[in-house]
Amino acid sequence: MPGVPVRGPWSRSGLAREWAVAMATSGYVPLGHETIERELEELVDVLFDVLLAEPFAPAPAEEVGTGLADLGFTTPTGLSRTVELLVRRLPAHPELLDVHRLPDKVASVVGALTDSYAFAVRNFVFDQQEELKRALLRAKERAERQLWLSEARFREVFSGSPVGIAITDVDGALVETNWAIREMLGYSGAELAGRDLVDLVHPDHAAAVREAYRSLNEGVSGRLRERGQLLHKDGDPVWAYLAASVLRDANGAPRYHVTMVEDITELRLLQHQLTRQNLHDPLTGLPNRQFLVSRLTDLFARPEPVDLTLFLLEVDGLAVVNEGLGHDAGDALLRMVAHRLHGLVGEDPRAMLVRTGGDEFAVAIEGEPPELARWAADINAELAEPIYVGEQGIAASVSIGIVRQVAGELVFASAAELLRAAEVALRRVTVRGKRQWGLFDPNLDSRERARAGLAAAMPGAWENGELEIRFEPAVAADGRQPLGALATLAWNHPKRGLVRHGECIALAEQTGLSVPIAQWVLRTALERARQADSDVPVAVPLTADQAHDPDLVGTVGDLLAGLDFGASRLWIGMPVSALRDEQGEARDNLQVLAATGVNTYLHGFGLGYEDLACMEDLPARAVEIAPDLVQRLARNPGTVVERAVRDLVPLVREHGAGVLVDGIETEQQAEWWTRLGVDALRGPLFADTSW
Amino acid sequence: MAKQLSWVPEDVEMGRPSAARVYDYLLGGGHNFAADRELAERFARALPGSRDIARLNRAFLRRGVLFLIENGIRQFLDIGSGIPTVGNVHEIAQAVDPTIRVVYVDNEPVAVAHSQLLLEHNDRAAAVEADLVHPDGVLDHPAVHGLLDLDQPLGLLMVGVFHFVPPERAPLELLARYRERLAPGSYLALSHFTADTRPAEMAAMVEVMSNSRDPIHPRTRAEIAELFTGFELVNPGVVPTADWHPVAPADDVAGPEREQIYAGVGRKTATG
């Protein structure tokens, strides 16, 4: 049946289908199964054409081998499956039954097919290899170009950078250096090549730098940043900032280091100068308070307390020199003090001399302190030698506050505490006078602290109504009948209990509260007395500030008028201390008040001739003896003071003023003063007036 | 200059065997070097049926791409594309629709250069050198931006590549980052080696690859399914490559090698 198409498994398409399955599993071709079948069917047709052709010529079968390879069937399996299939199917194929010498012809056809297939696959692989090589070449070219570009960029940076750059191998030997680093260190490139980078580092820093590179190699740290000193060829130190990173090969092993070196010598000098300016006093060249605090803070940072003596020296009377001779003289004096103090302690490595403030110097001595009294005397002896400013010879003296920290005895929590203690000691000695010295007393300090705490709490207490006005009676010395009521201030402290008038006033004066409180006392006292069902005289003791107040007369006048309070019922007391001073307004105030009909008296009256002079000069109707004097006489009977008092009272009375005694605590005291002939008494012995 | 260059590290070694060329060899390709063929032979000895595994995986890629095209995808990002072995995505896709755009991504410079040579005259396909483990580096690559529109659905292909991602690279977070940046309606087609079957042979193969530039990290079926977090898996889910939408008898083999690579396709939902 030549030429007749046959269906079913023995059809040409059936063979093609079978072939397609065999080929598809021999390797991957990116074609749909139907496409493969269709393509193979064409090849089957070619084979049949060759086998059926007369005369027989196998050459066209080569097309089939090439065709298979072109379809992408390129595996050895593909060939063997093809041969196996064709050799089995073709000789028995119904369509070819009549072909003469069919097996020979099939063999020839398969031979031609395999030849061409092998040739085609060989070329296919050659092509692919060629393609791959082109790809490889291209990739390499690109990589090299990128390398070249990055190299070129690096070169640019390397040679143009003002930052020194050194490339070293892992052992630290210099492979390459740029201009900047050669310039910085004074070597030529040839001189540096092969040298150990660490040799260029100052011996003090070499070990640290070497260690840093080692940890860089080991990958402990990714980058090195060190500040250190390098050595210039001529031996000068070069302060530099080193930043290094490691270059690793493809396997991650360190191959080179790139070290950037920035010369910071100039920067360091500038920094040093700035630091010096910040920590030094320009007038004397001595370190300043900042410096002292920072050094003391360092000392306090040590694990064990350090034995330490701090002297705080205040130049006596600097203001007098400044005002009297001008600030140039004052400055010269300060320079002189600085110079001489430096001569005394400058050579002692344990001592530090600083100027802590305008007229204040400090000397801190670590370890065993000098003998204090001797040292203070030496200083003042040294300063007593005058210097000349123009024609004027001036000399200085200092007051010295001293604090000692001794491990196991007295240890401060911080530098600030130590300084504060020295200031407390200095303040205490300056109160005593000039050219004094004193050691800080922690017990005294704690009392003062308590007092300061109390003073600080006073404004709040006033706000909260803890302050009140109490009327204390003044009674006639003979017969003890009430003569009048004294308005006093009292503080019902929730912890301390009652704080009495004198202490209240003293506390108020520490805080600047004294004027408003005193005003409040005056006004409230008058209001309360006005409301009370009585016309007993009322006395209000003023503070010194209040006595000097230029508005005092107006204030009192307004109050009297506003409350319709008779001037003659009011007694205004002024502290005699305020009246001794002829500068203030107090004397005028007292005279005007007296002229307006208000009774005046002097409180805090003592023994000095000045007190008597006040009494003589001023129209005060009475004096009040200070409670200190009462207590002193009670403690020390039969003394000179007692004799003076005995003489004083009659003198006052002879002058025409009444005498009131404050602070009577016992019946004995009351009787003693009564015998002396005073007019009135007051004090804790007598119960408060109910209003 | 040569002396000055002395400290510069030696050139990257181009001749090291690469997984891409091993794959090419197993598929019957000629784009490989002696070192690749040597490694491929050791690979095939350790894991019998390697040629079929490669072929089935390649066939999955073809079916997956066609499936995505049927579902409207017109742009593809093929990560880990390797050597442009026969049957590349752009060939498959552009045969269906010449306007489809394809970007190939590989981290192997030779494979990328090769792909670029192949694509020189194709202005709808490009190949870039980038690494799967840097999602933003891949997605923000200028060539990706030039050809693909990330605001439109795309087909993200990770066929036979994710098993190169070691666990310490946080595979889930990596995929999550890709997912975040894809438009809803995008697809992920992924296939991945597993040691669920023939663990001993797989261990031997992993050992063979352990010193190559591309060590392999097989994952379990559950782990592979988890990679599709945020994607809605298309039926039949994560299955052996041969079982994913087979169309012809040649897409399958009888032996255990048919289950050596799992494959799946997932769709990013609006909320995914």
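The values are calculated or read from the model by the stated rules, or taken from the named source; none is laboratory data. The shown structure was predicted, so the numbers you read here are calculated from the model rather than taken from an experiment. With ideal geometry, Cβ positions are generated from the backbone for all residues, glycine too; neighbour counts draw on all protein chains shown. When the accessible area is computed, the model is the full protein with side chains, heavy atoms only, and any ligands, DNA or RNA have been set aside. Shrake-Rupley method; radii C 1.70, N 1.55, O 1.52, S 1.80 Å.
Relative contact order of chain A, taken over Cα pairs closer than 8 Å and 6 or more residues apart, is 6 percent. A dipole drawn for the protein assembly as shown from +1 and -1 charges on Cβ atoms has a positive end, and of B:Thr229, B:Gly137, A:Met184 the residue lying farthest that way is B:Thr229.
Say R0 is 45 Å: what FRET efficiency, to the nearest 0.05, do A:Leu372 and A:Glu218 get from their beta-carbon distance? Using R0 = 45 Å, I get an efficiency of 0.20.
Anisotropy class assigned to chain B is rounded, per the alpha carbon gyration tensor with a/c under the 1.5 cut-off. The C-alpha atoms of chain A define a longest principal axis, and helix A:552-563 lies at about 80 degrees to it. A straight line joining the Cα centroids of segment B:194-258 and segment A:193-240 runs 55 Å.
Take every Cα pair under 8 Å whose residues are at least 6 apart in sequence, average their separation, divide by the length of chain B, and the relative contact order is 20 percent. Per-residue extension of 0.36 nm, minus the Cα-Cα distance of A:Trp10 and A:Ser568, leaves a gain of 185.6 nm for this segment. Distance from the Cα centre of segment A:342-391 to that of segment A:58-89, in angstrom? Taking the Cα centre of each part, segment A:342-391 and segment A:58-89 sit 114 Å apart. Treating r as the C-beta distance of B:His145 and B:Asp97 and R0 as 30 Å, the FRET efficiency rounds to 0.90.
Modelled this way, with points 7 Å down the Cα-to-C-beta line, the labels at A:Arg451 and A:Leu147 are 8.8 nm from one another. Considering only protein heavy atoms and a probe of 1.4 Å, how much of the accessible area of chain B is carbon and sulfur, as a whole percent? Of all accessible area on chain B, carbon and sulfur atoms account for 52 percent. Extension gain for A:Arg480-A:Asp204 works out to 90.3 nm (0.36 nm per residue, less the C-alpha to C-alpha distance). Here the accessible area is traced with a 1.4 Å probe on the protein chains. For segment A:12-130, carbon and sulfur cover 55 percent of it. Protein heavy-atom surface of segment A:452-681, 1.4 angstrom probe: 48% of the accessible area is carbon and sulfur, with nucleic acids and ligands not counted. For segment A:452-681, the Cβ-based charge dipole about the Cα centre amounts to some 560 debye (Lys, Arg positive; Asp, Glu negative; other atoms uncharged).
Between B:Ser210, B:Ser115, B:Ser81, the Gaussian network model of chain B with springs among Cα atoms under 10 angstrom shows the greatest mean-square fluctuation at B:Ser210.
Site pair A:Ser294 and A:Asp127 shows an inter-label distance of 8.1 nm when each label is modelled 7 Å from Cα along Cα→Cβ.
Legend: mean number of C-beta atoms from other chains within 10 angstrom of residue C-beta atoms, peptide B:105-115, equals 4. Rounded to the nearest 20 debye, the dipole size of the protein assembly as shown about its Cα centre is 1580 debye, using +1 on the Cβ of Lys and Arg and -1 on the Cβ of Asp and Glu. Ordering B:Val265, A:Gly554, A:Val475 by the projection of their Cα atoms onto the charge dipole of the protein assembly as shown, which places +1 on the Cβ of Lys and Arg and -1 on the Cβ of Asp and Glu, puts B:Val265 at the extreme positive end.
Net charge within 10 Å of A:Asn599 by Cβ-Cβ distance, Lys/Arg positive one each and Asp/Glu negative one each, not counting A:Asn599 itself? Taking every Cβ under 10 Å from that of A:Asn599, the sum is +2. For segment B:17-158, averaging the sequence separation of C-alpha pairs within contact (under 8 Å, six or more residues apart) and dividing by the residue count gives a relative contact order of 22 percent. Surface burial for B against A, with a 1.4 Å probe and both sides summed, reaches about 3300 Å² of accessible area.
Summarising the label geometry, the points placed 7 Å from Cα in the beta-carbon direction at A:Glu382 and B:His121 lie 10.1 nm from one another. Among A:485-493, A:410-418, sorting by the average number of other beta carbon atoms lying within 10 angstrom of each residue, highest first, gives A:485-493, A:410-418.
With Cα atoms defining each centre, segment B:161-176 and segment A:597-676 are spaced 102 Å apart in the structure. For segment A:229-255, accessible area lost to neighbouring protein chains reaches 10 Å² or more, against the chain alone with a 1.4 Å probe, at A:Leu247, A:Arg248, A:Arg255. Think of a 1.4 Å ball rolled over the protein heavy atoms: the protein assembly as shown then has 47 Å² of accessible area per residue. Cross-link reach is defined here as a Cα-Cα straight distance under 15 Å, omitting same-chain residues fewer than 8 places apart; for A:Lys233 the aspartates and glutamates meeting it are A:Glu183, A:Glu191, A:Asp196, A:Asp199, A:Asp263. Stretching the chain fully between A:Glu667 and A:Asp236 yields a gain of 146.1 nm (0.36 nm per residue, less the alpha carbon separation). Based on DSSP H segments of at least four residues, each scored -39500 (n - 2.57), the protein assembly as shown has a per-residue ellipticity at 222 nm of -15000 deg cm²/dmol. When only the Cβ of Lys, Arg, Asp and Glu is charged (+1, +1, -1, -1), the dipole of segment A:303-440 relative to its Cα centre reaches about 360 debye.
Got a sec? Which residues of segment B:30-57 lose 30 Å² or more of accessible surface with every protein chain in place, vs. that chain alone, 1.4 Å probe? Those residues are B:Gly30, B:His31, B:Phe33, B:Arg55. Of A:Asp234, A:Asp331, the residue with the largest accessible area leads and the full order is A:Asp234, A:Asp331 (1.4 Å probe). Toward the positive end of the charge dipole of segment A:303-440, with +1 on the Cβ of Lys and Arg and -1 on the Cβ of Asp and Glu, the farthest Cα among A:His327, A:Phe361, A:Thr430 is that of A:Thr430.
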